[in-house]
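Okay, so here's the structure we're looking at.
The values are calculated or read from the model by the stated rules, or taken from the named source; none is laboratory data. Not measured: the values here are computed from a predicted model. Cβ coordinates were reconstructed from backbone atoms using ideal geometry, including for glycine residues, and neighbour counts include every protein chain displayed. Ligands, DNA and RNA are excluded from the accessible area calculation, which covers all protein heavy atoms including side chains. Shrake-Rupley method; radii C 1.70, N 1.55, O 1.52, S 1.80 Å.
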Amino acid sequence: MEIQPAKTEDAGALTETCRRAFDSDSEFGAPGLGGPPGYDSLEWNSNVINNRYLQYYKILADREIVGGFIIADRGLDYQVCERVWIEPDNMRRGIGTRAFNLIWNLYSSADLWVLGTPEWNTRTNSFYQSIGFVQIGKTHDYSWDGIYYEKRITDGFPKAMSMIEDIRDRQQRVIVEGRVERIEGPRSVKSRKTGDDLKVADVTLTDDTGSIKLVLWNNQIPQVKNDTRIRIEEGYVKSYRDELQMSVGKWGMIITLI
Ligand SMILES: CC(C)(COP(=O)(O)OP(=O)(O)OC[C@H]1O[C@@H](n2cnc3c(N)ncnc32)[C@H](O)[C@@H]1OP(=O)(O)O)[C@@H](O)C(=O)NCCC(=O)NCCS
């Protein structure tokens, strides 16, 4: 069994294995046939193979494509497993587990891996736990309630994570955890670019080392509740009137920690 970077000519076989794998979720809690966006689309899979922010691998057994693995490349220190699947005839043979082991070797400097999966999916929750992922919280921005997992490869504090006192102006890809001490707003503002009405709220996020203002927009606002602990991933920081302000990037995540 091996993994290799996917090529455009693999898109057909990858789409077919992906469609069959995710459609079989209907036996493990899914409301019906279906999968994540583009899972059965040749065009979507071809585009992702050629997308420079995503890394798409094919999983081979006896030289046949039996599955795929898509990683959102977040740099050297942490990575996101966006999607992994094994086609049904090859499931439960340890291939998914071996694929993760090969990927962890390939990304040897990443000490933090994260992923989300629907709460209803009895198979994926069991699979991720079996390979050492630990639930850290829940996400609320999808139509399904997501269980959010991380796997720390080493014992130390992950290199990509920050304590609040270490956060600097213009820092990108911030991963930080803290308690929601206060939420001000939401209030309405007009977008300077489009004139649209936007909602904005200011959150005070605190950890043992300090506090920072977290600015939330529109559908991010209901994801955060007072007096809970949250993690922000893909945060970015700007200074405004001498105050550091963190926002959640387009690909960012807000996780309510358990
Ligand atoms: C999740 C998935 C990738 C697992 O791949 P796999 O190669 O079948 O997994 P493995 O054989 O390595 O299983 C390892 C362990 O996971 C758990 N597991 C896997 N399938 C399971 C199932 N159907 N029920 C319960 N536990 C399961 C078991 O603990 C298993 O160990 P065991 O077989 O010794 O009991 C595969 O089921 C799949 O493609 N599912 C559909 C697509 C999907 O939901 N992908 C993930 C979201 S992006």
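Here are the numbers for this structure:
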item	result
Fraction of antiparallel bridges per DSSP, the chain only, in percent to nearest 5	90 percent
Lys/Arg +1, Asp/Glu -1 at C-beta; the chain dipole; positive extreme among Gln4, Ser41, Leu214	Leu214
Surface per residue (accessible, 1.4 Å probe) for the chain, Å²	54 Å²
From phi via Karplus (6.51, -1.76, 1.60), per-residue ³J(HN,Hα) for the stretch 49-65 in Hz, x at Gly/Pro	4, 9, 8, 7, 8, 10, 10, 10, 10, 9, 9, 10, 10, 6, 6, 9, 6
Value of Rg to Rh for the stretch 71-171 (Rh from inverse mean 1/r over Cα pairs, i.e. Kirkwood)	1.00
Per-residue HN-Hα couplings for the stretch 116-133 [Karplus 6.51, -1.76, 1.60; θ = phi - 60°; Hz; x = Gly/Pro]	x, 8, x, 4, 6, 7, 5, 6, 5, 4, 5, 4, 4, 5, 5, 9, x, 6
Burial ranking of peptide ranges 114-126, 1-13, 181-193 (average Cβ count within 10 Å, highest at the top)	114-126, 1-13, 181-193
Net charge of Cβ neighbours under 10 Å - reference Gln220; Lys, Arg +1; Asp, Glu -1	0
Within the stretch 63-83, backbone nitrogen closer than 18 Å to the virtual label 7 Å beyond the Cα of Leu102 toward Cβ	63-72, 81-83
Approximate spin-label separation Gln245-Asp77, in nm, with each point projected 7 Å along Cα-to-Cβ	2.5 nm
Summed residue charge, Cβ within 13 Å of Thr15's Cβ, Lys/Arg positive, Asp/Glu negative	-3
Segments 250-256, 58-64 sorted - mean Cβ within 10 Å per residue, highest first	250-256, 58-64
With every protein chain in place, the chain: carbon and sulfur % of accessible area (1.4 Å)	47 percent
Positive-end extreme of charge dipole, the chain - chosen from Ile103, Gly249, Gly137 (charges on Cβ)	Gly249
Unit charges on C-beta of K, R, D, E only; dipole of the chain, Debye	480 debye
Net charge, Arg179 excluded, C-beta distance under 13 Å - Lys, Arg +1, Asp, Glu -1	-1
Computed [θ] at 222 nm, helices only, for the chain once each DSSP H run of length n ≥ 4 contributes -39500 (n - 2.57)	-5000 deg cm²/dmol
Of Lys58/Lys238; Lys190/Lys225; Lys190/Lys213; Lys7/Lys238; Lys159/Lys250; Lys138/Lys190, those spanning more than 27 Å from alpha-carbon to alpha-carbon	Lys58/Lys238; Lys7/Lys238; Lys138/Lys190
